[in-house]
Amino acid sequence: MTAFQAHPTREIRPGTFEPADHWYPRALNAQIHPMVSFFMNLGPERLLTRYCHLNPRVDRQKLAELLDYRPRYFLHAGADLFHVTNAQGNRQMVVIETNSSPSGQKSMPLVDEQAEQGGYRTYMAETFLPAVKARRNKVEGRLAVIYDKNPMEASGYAGAMADVFGEPVLFAPFFLQDPDPPVRFRDSVMEVRDAAGTWHPIRAAFRYVTQKPWNRLPVFSRTLILNPVIACLAGGRNKTMAAKAYDLLNAEIAPYGLHIHTPATIWDVHKNEIPLWVRKLGGHAVIKVPYSNAGQGVYTIVNEGELDAFMGEKHAYDKFIVQSLIGNYKWSSTSEKGRLYHVGTMPSTKKNSYVADLRMMITRTEKGIRPVAIYARRAREPLMDDLHEAKSSWDILGTNLSIKREDGTFGSDSSRLMMMDRRDFNKLGISVDDLIEGYIQTLLAMVAIDQMAQTLLNQKGRLRPRLFRSLNEDPVLIQEIMSE
């Protein structure tokens with residue numbers, strides 16, 4: 001293991017935003033696909049009208065309320081969606097995971113070529129700034145962006161923040177492995193140490209901290225943190241709580257013809273119980289460590305060898321999630337939800353189709369919850385009918401681009417990125433209606449997790465520990481949560 005290398009805090013000043021520093025090179029000059037541009041510019045009423053026309057059992061008034069939902073804690077979200085179908089040809093967008101990280105702007109072509117800061121500025125001007133203005137019991141101090149991943153993108157948010165607020169922003173690393181991080185909390189107020197060693201109180205911070213954020217960020221903070229860590233514990237970085245949040249909201253919205261589509265999910269599964277559930281799902285399943293991200297802690301199981309390899313590993317946590325596996329029709333899980341399989345990308349010149357997911361990013365604005373970025377990722381190997389030739393099912397099914405380096409930091413395999421431009425979008429084989437469906441599914445997942453976050457906090461904004469333990473009884477996770 002390479003020794004940890006500390007990164008210094010930087011001060012990012014207004015007027016220093018350079019687009020080339022915050023987009024992938026091929027995204028920087030890409031032209032957005034007209035269909036995606038059309039979708040991004042659809043207003044709430046047109047989205048509502050179209051969705052209800054295609055889904056006549058949906059209660060229009062209830063969906064309108066959800067489109068105008070005002071989240072208290074989960075202000076921006078990204079959902080990973082699979083475009084799936086069944087033997088009857090009924091297609092749908094399925095929520096695989098909901099994420100509290102603002103990842104994706106670096107991959108999104110500009111919707112408006114005149115707005116060179118793109119979604120970075122949208123987040124800052126339409127979500128972060130109103131949240132700061134609305135904050136009660138304000139703390140005197142500076143602004144900051146804290147991160148433990150992807151400085152290219154995180155610094156883009158810092159540059160946009162500096163321009164929107166018209167003041168310098170502290171851009172501070174906050175790595176899990178850092179023995180002396182430049183971020184700390186004093187009397188529930190965040191402080192950031194600058195490059196000269198001076199500590200500054202922070203009145204509001206934008207967070208790009210992804211790895212177990214609850215062991216560095218407190219649930220209760222007088223500093224405004226967006227998204228706050230309760231959004232992670234309630235489902236934005238906790239797959240167990242997310243699954244329970246989805247179930248709770250589904251029970252509430254079912255009478256209105258709405259539903260969050262997910263794979264069949266069994267939560268709170270002890271390791272020794274996993275083979276039983278895999279067998280029930282027909283020998284094909286996905287096992288997830290509930291609190292991992294960036295493609296870590298996800299195991300696709302299609303044969304006894306892969307199950308044995310998982311069972312032979314040591315794991316930090318006590319409980320897992322088991323889900324039905326969505327693969328090819330000939331080797332997908334069989335569950336009470338039926339057999340779903342990937343639509344896949346359009347066949348290549350070599351007649352290969354690939355598994356691809358769609359990341360839909362949405363954020364709360366004064367005009368309602370709006371989409372701000374979309375991108376897709378494809379698997380390394382093509383989707384095949386016969387698994388006997390495959391060395392690893394993850395190579396066929398895994399879409400995450402993150403690569404974990406020896407020093408514990410993350411890189412990205414951008415060669416498998418599929419952007420919403422004129423070149424890549426057509427390969428996905430999706431329509432405007434699929435984008436609308438993906439947006440609605442992301443919105444519902446966001447609402448579910450925000451409502452769970454509200455349930456987990458008392459009136460003073462502190463975690464209700466007994467309730468949390470009853471819903472997520474994992475001693476290792478409980479021990480990790482930062483005491484206040």
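The values are calculated or read from the model by the stated rules, or taken from the named source; none is laboratory data. These figures come from a predicted structure and were not determined experimentally. Please note: Cβ atoms are built from the backbone with ideal geometry, for glycine as well, and neighbour counts cover all protein chains shown.
Scan the stretch 191-203 and report the pairs whose first residue is part of a strand (DSSP E or B) and whose second residue is among the hydroxyl-bearing types (Ser, Thr, Tyr), with Cβ atoms within less than 6 Å and a gap of 6+ or a chain change.
Ile202/Thr223
Counting only residues that are among the polar types (S, T, N, Q) and in contact with a strand residue (DSSP E or B) (Cβ under 8 Å, 6 or more places away or on another chain), which one in the stretch 289-314 is surrounded by the fewest Cβ atoms within 10 Å (Cβ to Cβ)?
Out of the qualifying residues, it is Gln296.
Give the residue, chosen from Thr300, Thr210, that is more than 23 Å from Gln451 (Cα to Cα) and either assigned to a loop (DSSP other than H, G, I, E, B) or in contact (Cβ under 8 Å) with a residue 60 or more places away in the chain (or both).
Thr300
Would you mind finding the one in Ile274, Ile287 that is at pLDDT 95 or above and in a helix (DSSP H, G or I)?
Ile274
Within the stretch 158-180, how many residues turn out to be closer than 20 Å to Val139 by Cβ and either among the aromatic types (Phe, Trp, Tyr) or surrounded by fewer than 23 Cβ atoms within 10 Å (Cβ to Cβ) (or both)?
Residues in the stretch 158-180 being closer than 20 Å to Val139 by Cβ and either among the aromatic types (Phe, Trp, Tyr) or surrounded by fewer than 23 Cβ atoms within 10 Å (Cβ to Cβ) (or both): 7 in total.
Would you check which residues across the stretch 31-63 are within 23 Å of the chain's Cα centre (by Cα), crowded, with 17+ Cβ neighbours inside 10 Å, part of a helix (DSSP H, G or I) and not aromatic (Phe, Trp, Tyr) and list them?
Once the filter is applied, which keeps residues that are within 23 Å of the chain's Cα centre (by Cα), crowded, with 17+ Cβ neighbours inside 10 Å, part of a helix (DSSP H, G or I) and not aromatic (Phe, Trp, Tyr), the stretch 31-63 yields Val36, Met40, Leu47, Leu63.
Note down all Cβ pairs under 8 Å where the first residue falls in the stretch 422-441 and is over 21 Å from Asn250 (Cα atoms), the second is among the charged types (D, E, K, R) and in a helix (DSSP H, G or I), and they're at least six residues apart or on different chains.
Matching pairs, first to second residue: Asp433/Arg50.
Residues of the stretch 154-186 being at pLDDT 95 or above, closer than 20 Å to Val229 by Cβ and charged (D, E, K, R), which ones?
Within the stretch 154-186, Arg184, Arg186 qualify.
Search the stretch 460-475 for residues that are in contact (Cβ under 8 Å) with a residue 12 or more places away in the chain and pair each with any residue that is part of a strand (DSSP E or B) when their beta-carbon atoms are under 6 Å apart and the residues are at least 6 apart or on different chains.
So the pair list comes out as Asp474/Lys319.
Can you name every residue in the stretch 307-332 that is touching a residue at least 60 places away in the same chain (Cβ under 8 Å), within 17 Å of Arg91 (Cα to Cα) and more than 22 Å from the chain's Cα centre (by Cα)?
Tyr329, the sole residue that qualifies.
Test of understanding: among Tyr317, Tyr375, which residue is part of a strand (DSSP E or B), crowded, with 16+ Cβ neighbours inside 10 Å and aromatic (Phe, Trp, Tyr)?
Going through Tyr317, Tyr375 in turn, just one is part of a strand (DSSP E or B), crowded, with 16+ Cβ neighbours inside 10 Å and aromatic (Phe, Trp, Tyr): Tyr375.
Is it true that some residue in the stretch 395-402 is surrounded by 13 or more Cβ atoms within 10 Å (Cβ to Cβ), modelled with pLDDT under 95 and of a type in the set (Asp, Glu)?
yes
What's the number of the only condition in (1) within 25 Å of Ala245 (Cα to Cα); (2) in contact with a Pro (Cβ under 7 Å, 6 or more places away or on another chain) that Asp59 fails to meet?
Among (1) within 25 Å of Ala245 (Cα to Cα); (2) in contact with a Pro (Cβ under 7 Å, 6 or more places away or on another chain), Asp59 violates only (2).
Can you find a residue that is buried (at least 20 other Cβ atoms within 10 Å of the Cβ), under 29 Å from Val286 (Cβ atoms) and basic (Lys, Arg) anywhere in the stretch 102-112?
The answer is yes; a qualifying residue exists.
Scan Val164, Val145, Val139 and give me the residue that is in a helix (DSSP H, G or I) and closer than 20 Å to His200 by Cβ.
Val164
Of all residues in the stretch 429-459 being farther than 17 Å from Tyr246 by Cβ and within 20 Å of the chain's Cα centre (by Cα), which is surrounded by the most Cβ atoms within 10 Å (Cβ to Cβ)?
Step one: list which residues in the stretch 429-459 are farther than 17 Å from Tyr246 by Cβ, which gives 429-436, 457-459.
Narrowing further to those that are within 20 Å of the chain's Cα centre (by Cα): 434-436.
Details: Asp434: 19, Leu435: 25, Ile436: 20.
That would be Leu435.
Looking at Arg203, Arg237, Arg207, which is the one that is under 15 Å from the mean Cα position of the chain (by Cα), crowded, with 18+ Cβ neighbours inside 10 Å, among the basic types (Lys, Arg) and at pLDDT 95 or above?
Every option except Arg207 fails the conditions.
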